[in-house]
């Protein structure tokens, strides 16, 4: 049974109303979010107890290896100073298959009630690398998995909404939208912003845009598809703003941006003229894994037509030469001119196919 990443459940554990599961795995692709969720979980498991007497940590990114033997010894040793022990294993993604197998055997034995101490809780923090699949399945059977992956689109919106609901201050709708737009992909900063707001305005304070804005900090990065979506919409100001977010906040290299744009229009070029009845068929023909970006490319290719797609490829090729030294213009100017031209070609009212 996989546990939901629900802070309410953690509060119930902290209050003693809910008994903890024997093992938890905290996983995700952002180390800071994994660490944050791990801290929240461990705090809930410790509750009112003395953390120094309850928590024992193993594993570190500074260590060359992760020795599982002392972890298993700790799991089999009952607490002498408190009614609970919390064994934290950091960077569990560095566990070898053999070590993971030993942990799986321990968890399965513990489930049968033959050797494991019932007052000991194991917390695995994924860290770098991939946690071996057999260990993940064992945790799902006897414990809980807390996913910290934010996701995109609606999943990202739900993640942020849930996080704001459980925060110590209350953001109104406009303030929440401003926070989401400003942080972009850097949602690992949400906790810091909320804690700062609490320290300034107090717990439970109502936060509007005016109260929030001074504490937003630097604008966060964004996913590359926000740039291509802005270009496809024909909105030059927004496309340039998205470009700025990628190059300055995101630190994307100019050639990386160029590769993103080339891949975007290359997909349209490959789809142009194909007689397909669905995005699924188109994805199969070009070997794409996901149908969603293929559908967007199909729709945009139909709007642009062959001539404008070809012109876009030429513009990108010219920009590539400029970035590699054909012109004295700096890379920022080259990219801004390119993005403005591509966006203009996406607007049917202004686009003109140049020879």
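Roughly how tilted is helix 31-46, in degrees to the nearest 10 and between 0 and 90, from the longest Cα axis of the chain?
It is inclined by approximately 30 degrees.
Could you let me know the centre-to-centre spacing of the range 316-345 and the range 80-97, using Cα atoms, in angstrom?
Measuring centre to centre over Cα atoms gives 52 Å.
Can you tell me the orientation of helix 97-112 relative to the chain, as the angle in degrees between its alpha-carbon axis and the longest Cα principal axis, to the nearest 10?
50
Computed FRET efficiency, Cβ-Cβ of residue 96 and residue 205, R0 45 Å: what is it to the nearest 0.05?
With a Förster radius of 45 Å, E is 0.40.
Listed highest first by mean packing, meaning other Cβ atoms within 10 Å per residue, what order do 208-214, 92-98 come in?
Packing proxy ranking, top to bottom: 92-98, 208-214.
In nm, give the distance between the simple-model label positions of residue 30 and residue 327, each being 7 Å from the Cα along the Cα-to-Cβ direction.
Modelled inter-label distance: 3.6 nm.
Compute the acute angle (0 to 90°) between the alpha-carbon long axis of helix 331-346 and the principal axis of greatest extent of the alpha-carbon atoms of the chain; round to the nearest 10°.
Roughly 70 degrees between the two axes.
Under the classification rounded if a/c is under 1.5, otherwise prolate if a/b is larger than b/c and oblate if not, where does the range 77-195 fall, given a ≥ b ≥ c as square roots of the Cα gyration tensor eigenvalues?
Numbers: a/c = 2.98, a/b = 2.02, b/c = 1.48.
It comes out prolate by the Cα gyration axes.
Compute the distance from the alpha-carbon center of the range 169-216 to that of the range 227-274, in whole Å.
A separation of 29 Å, based on Cα centres.
Could you calculate the FRET efficiency of residue 77 with residue 161 from 1/(1 + (r/R0)^6), where r is the beta carbon distance between them and R0 is 45 Å, rounded to 0.05? Mind showing how you got there, number by number?
Numbers: r = 42 Å, r/R0 = 0.93.
Calculated value: 0.60.
With runs of 4+ DSSP H residues as the only contributors, calculate the mean residue ellipticity of the chain at 222 nm using -39,500 (n - 2.57) per run, divided by the residue total and rounded to the nearest 500. Intermediate values should be presented prior to the final figure.
On the way: 16 runs with 193 residues, N = 355.
Calculated from helices alone, the mean residue ellipticity at 222 nm is -17000 deg cm²/dmol.
Want the number for residue 314 to residue 43: 0.36 nm per residue separation, take away the alpha-carbon distance, what's left?
Once the chain is fully extended between residue 314 and residue 43, it gains 91.9 nm.
Which label marks the calculated value of Rg and Dmax of the Cα atoms in Å, given the options (i) 20.1, 61; (ii) 19.3, 58; (iii) 25.5, 82?
Of the listed options (i) 20.1, 61; (ii) 19.3, 58; (iii) 25.5, 82, (iii) comes from this structure.
At 7 Å along the Cα-to-beta-carbon direction for both residue 276 and residue 195, put a label point, then send me their distance in nm to one decimal.
Those two pseudo-labels are separated by 4.7 nm.
By per-residue mean of other Cβ atoms within 10 Å, what is the highest-first order of 310-321, 20-31? Mind showing how you got there, number by number?
Numbers: 310-321: 17.2, 20-31: 20.5.
Descending mean neighbour count gives 20-31, 310-321.
If packing is taken as the average count of other Cβ atoms within 10 Å, what order do 74-83, 126-135 fall into, highest mean first? Before the final figure, lay out the partial values.
Numbers: 74-83: 13.8, 126-135: 17.1.
Per-residue mean Cβ counts within 10 Å order the peptides as 126-135, 74-83.
Does the range 117-268 classify as rounded, prolate or oblate by the C-alpha gyration tensor (a ≥ b ≥ c root eigenvalues; a/c under 1.5 gives rounded; else a/b over b/c gives prolate, otherwise oblate)?
On the way: a/c = 2.53, a/b = 1.22, b/c = 2.08.
Judged from the Cα gyration tensor, the range 117-268 comes out oblate (a/c at least 1.5, b/c at or above a/b).
Taken together, the values in this text are just the output of simple stated rules run on the coordinates, not laboratory data. What you are looking at is a predicted structure, and each value in this text was computed from that prediction instead of being measured. Here Cβ is always computed from backbone atoms with ideal geometry, including for glycine, and neighbour counts include all displayed protein chains.
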